[in-house]
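> The structure under discussion is supplied below as structure tokens; questions concerning it will follow.
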Amino acid sequence: MSIRVRELSEALGAEVLDFDPSVPMDTATAREVREIWLQYGILLFRGVDWTLAQHIAFTESFGELHIMPRLATEVPVNLQQHPEIFVVSNIEKDGKPIGVKRAGWGWHSDGEDKRVPNMASMLYGIKTPEVGGDTGFASTYRAYDALPPKTKERLDGKLARFSRVEMHLVNYPNLPPLTEAEKRDRPYVWHPVVRTHPETQRKCLYIGRWAVEIEGIPGDEGRELIDDLTAHISKPEFTYIHKWRPGDVVFWDNRCTQHCAIPYDDSKEDRYMLRTTLEGDTPFHLAEDGRRVESFLVSPLEV
Ligand SMILES: O=C(O)CCC(=O)C(=O)O
Ligand SMILES: [Fe+2]
């Protein structure tokens with residue numbers, strides 16, 4: 001089979017045409033979809049009408065499913081009957097949220113605050129607002145490639161510290177603070193700022209909204225650099241902004257892209273999105289001379 005695609009932007013993304021992801025794929029088709037996914041970083045399927053089981057099955061053809069951990073608070077994270085499915089929604093029932101509100105309002109890649117971040121995520125739009133509620137996607141390959149040579153030299157092989165504990169209330173001001181037990185479960189993690197993609201071997205910029213420090217660069221200067229790099233990643237020339245329609249499925253590679261739920265007035269219209277997530281592997285940087293730097297955790301006892 002030869003799959004037809006339409007490019008979504010200069011930087012990344014392709015819409016897969018004449019393709020129904022609810023139908024089980026044979027091995028050759030699955031291989032071809034994976035190839036175009038690796039090439040474009042994100043794939044869009046439109047007009048999808050599938051069951052939860054089909055959403056899960058299509059996701060599983062790319063890897064091992066990840067179940068999002070529950071929060072210590074009342075906020076439901078996953079569908080009760082299907083813990084494989086994470087709910088992003090502003091809807092409340094009987095005064096209680098039915099999913100995570102304002103999830104991902106800021107540039108990030110999923111699971112970047114963990115030693116083993118998520119390889120990929122697949123978001124299905126069911127109720128999508130007429131105004132706002134778009135999602136931005138950025139190619140971190142492009143962002144890395146466009147850095148001045150001096151900045152590349154400065155960052156290649158360096159690590160950045162990501163901290164859920166320090167950034168939780170900055171990134172999720174609408175959620176309750178982490179409990180002491182949750183904090184213990186979320187130690188710091190150091191990730192290579194320049195990550196080598198394990199399948200394409202290309203380099204990408206791996207920094208995001210949970211990053212708080214860059215190795216060897218003093219406090220404020222490091223934070224400024226993190227802000228500059230974050231702003232750099234989200235420049236229009238590296239991004240694609242997706243305007244959702246019901247029935248859209250976007251499948252992104254967290255290893256070489258970032259995304260951002262673009263803040264909007266969420267008091268006006270309902271937005272209901274279901275996401276499946278895949279397990280990943282430990283990020284690494286592979287230098288030209290073969291030196292390899294890997295992500296590692298700092299245990300809470302050492303913090
Ligand atoms: O709601 C969105 O557009 C994206 C939310 C997000 O960051 C995610 O589902 O990983
Ligand atoms: Fe996300």
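> Quick one: would you say G99 is closer than 18 Å to D248 by Cβ and either within 16 Å of ligand 2 (Cβ to nearest atom) or at pLDDT 95 or above (or both)?
Judged against the criteria, G99 is a match.
> Among the residues of the range 289-302, which ones are in a strand (DSSP E or B) and either within 16 Å of ligand 1 (Cβ to nearest atom) or not basic (K, R) (or both)?
Within the range 289-302, V293, E294, F296, L297, V298 qualify.
> Right, next: Taking the range 50-71 only, how many residues are at pLDDT 95 or above and surrounded by fewer than 16 Cβ atoms within 10 Å (Cβ to Cβ)?
Total meeting the criteria: 7.
> Assuming L38 fulfils every condition listed in (1) part of a loop (DSSP other than H, G, I, E, B); (2) aliphatic (A, V, I, L, M); (3) touching a residue at least 12 places away in the same chain (Cβ under 8 Å) apart from one, which condition is it?
All conditions pass for L38, except number (1).
> Here's a follow-up. Consider R115 against the criteria (1) at pLDDT below 95; (2) more than 26 Å from T230 (Cα to Cα); (3) away from ligand 2 (no atom under 16 Å from the Cβ): it satisfies all of them except one. Which criterion is unmet?
Here R115 meets the rest and fails (2).
> What's the number of the condition R245 fails, among (1) touching an Asp or Glu at 6+ places or on another chain (Cβ under 8 Å); (2) of a type in the set (K, R); (3) within 16 Å of ligand 1 (Cβ to nearest atom)?
So the condition that R245 fails would be (1).
> Are there strands (runs of 3 or more DSSP E) fully within the range 229-288 with at least 1 residues that are among the hydroxyl-bearing types (S, T, Y) and either in contact (Cβ under 8 Å) with a residue 40 or more places away in the chain or more than 16 Å from ligand 2 (Cβ to nearest atom) (or both)? List them.
239-242, 257-261, 272-278
> Here is a further query. Taking the range 118-141 as the search range and keeping residues that are closer than 20 Å to G13 by Cβ and β-branched (V, I, T), which one is nearest to ligand 2 (Cβ to nearest atom)?
T135
> Just one of (1) assigned to a loop (DSSP other than H, G, I, E, B); (2) within 13 Å of ligand 2 (Cβ to nearest atom) trips up P69, so point out which.
(2)
> So which residues in the range 21-35 are in contact with a strand residue (DSSP E or B) (Cβ under 8 Å, 6 or more places away or on another chain) and part of a loop (DSSP other than H, G, I, E, B), if there are any at all?
Narrowing the range 21-35 to residues in contact with a strand residue (DSSP E or B) (Cβ under 8 Å, 6 or more places away or on another chain): 21, 33.
The answer is P21, and nothing else.
> Could you tell me whether the range 68-83 includes any residue that is near ligand 1 (Cβ under 10 Å from one of its atoms) and not aliphatic (A, V, I, L, M)?
No - not one qualifying residue is present in the range 68-83.
> May I pose another question? Which residues, taken from the range 85-96, are in a loop (DSSP other than H, G, I, E, B) and within 16 Å of ligand 2 (Cβ to nearest atom)?
Those that are in a loop (DSSP other than H, G, I, E, B) and within 16 Å of ligand 2 (Cβ to nearest atom): I85, N90.
The values are calculated or read from the model by the stated rules, or taken from the named source; none is laboratory data. Nothing here was measured: the structure is a model prediction, and the numbers come from that model. Here the Cβ is made from the backbone with ideal geometry for all residues, glycine too, and neighbour counts use every protein chain on show.
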